[in-house]
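The values are calculated or read from the model by the stated rules, or taken from the named source; none is laboratory data. Owing to the predicted nature of the structure, the values given are computational and were not obtained by experimental measurement. Please note: Cβ atoms are built from the backbone with ideal geometry, for glycine as well, and neighbour counts cover all protein chains shown. Remember, those area values only see protein heavy atoms, side chains included, never the ligands or the DNA or RNA. Shrake-Rupley method; radii C 1.70, N 1.55, O 1.52, S 1.80 Å.
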Amino acid sequence: MNASVVELVKNFSSTGKPIASICHGQLILAAADTVNGRNCTAYATVGPALIDAGAKWVEPTTPDVCVVDGSLITAATYEGHPEFIQLFVKALGGKITGANKKILFLCGDYMEDYEVKVPFQSLQALGCEVDAVCPEKKAGDRCPTAIHDFEGDQTYSEKPGHTFALTATFDGLDSSGYDALVIPGGRAPEYLALNGRVLNVVKEFMSSGKPVASICHGQQILAAAGVLKGRKCTAYPAVKLNVVLGGGTWLEPDPIHRCFTDGNLVTGAAWPGHPEFVSQLMVLLGVQVSF
């Protein structure tokens, strides 16, 4: 009920400019009287308030539901991010090209929550086909994740994250069917780096010259696979020893969101670098967003 916020939303609505709102954000739309007579969805418990505000309520039968009514885009939950972003880009007059790519994510238990979910959904939003696999798990299984945060301590803190659904089965994986590989950080690389099949998948991508994007602790896997020799690379600072012992040339991530590209390899230090991380991978993939 912040008057300045409500007034700001009203001003956007009156101009006809795109408004995109997700989950509980639609409560602000209701307070600003911008949903009256318009098709709208939201997190299910927000429905009664939107109905009272005159909205034509669209039940979120699945968590990824998105609804468009003129310049208004609404979504139920973060599971709808890919379509939500696509619709917003379209509303802004954007065009996505070169997205006919198939991307593989190497996942594991307690990988970093943001470092898998954000790039995964970003690439989906760009129109890429994205698969996630984990050793000894199959399509439909889930991996627990950890949230690594930077709160002023000597190292990151660690908290429970969401669970992440796998889309493909690791056994029988044919890496030749994919155009690029992404390796999230977190705890998972500690044990994935000991898995011979995982290392072989990384070697296959690197030897083929296909794009490989690895962030944070993911570079522990690159080092274990022996693919960093002669390559310039960054990572979370605590992984510097792995990079150097693996024959890589260390690039200091200063600031922490700094990412680097060396040939077909994109590396980042931590999730604050996601904008650079994803955009540098897009360059290697030939995916473009134009306005």
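Does Phe164 satisfy the condition of being assigned to a helix (DSSP H, G or I), within 22 Å of the chain's Cα centre (by Cα) and not basic (Lys, Arg)? Spell out the reasoning first.
Numbers: assigned to a helix (DSSP H, G or I): no; within 22 Å of the chain's Cα centre (by Cα): yes; not basic (Lys, Arg): yes.
Against the criterion (assigned to a helix (DSSP H, G or I), within 22 Å of the chain's Cα centre (by Cα) and not basic (Lys, Arg)), Phe164 does not qualify.
Residue-wise test of (1) open to solvent by less than 40 Å² (accessible area, probe 1.4 Å); (2) among the hydrophobic types (A, V, I, L, M, F, W, C).
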residue	(1), (2)
Asp171	no, no
Val182	yes, yes
Gly185	yes, no
Glu190	no, no
Asn200	no, no
Ser208	no, no
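State all residues of region 115-143 that are farther than 21 Å from His274 by Cβ and not hydrophobic (A, V, I, L, M, F, W, C); if no residue qualifies, say none.
Correct list: Pro135, Glu136, Lys137, Lys138, Gly140, Asp141, Arg142.
Determine whether Val58 is among the β-branched types (Val, Ile, Thr) and out of contact with any Leu (no Cβ under 7 Å at 6 or more places or on another chain). Steps first, answer last, please.
Details: among the β-branched types (Val, Ile, Thr): yes; out of contact with any Leu (no Cβ under 7 Å at 6 or more places or on another chain): yes.
Against the criterion (among the β-branched types (Val, Ile, Thr) and out of contact with any Leu (no Cβ under 7 Å at 6 or more places or on another chain)), Val58 qualifies.
With the requirement that a residue be in a strand (DSSP E or B) and either crowded, with 20+ Cβ neighbours inside 10 Å or among the β-branched types (Val, Ile, Thr) (or both), what does region 81-124 give you? Step through it out loud before you land on a result.
As a first pass, look at region 81-124 and keep what is in a strand (DSSP E or B): 95-97, 102-106, 111-112.
Once the filter is applied, which keeps residues that are in a strand (DSSP E or B) and either crowded, with 20+ Cβ neighbours inside 10 Å or among the β-branched types (Val, Ile, Thr) (or both), region 81-124 yields Ile96, Thr97, Ile103, Leu104, Phe105, Leu106, Met111, Glu112.
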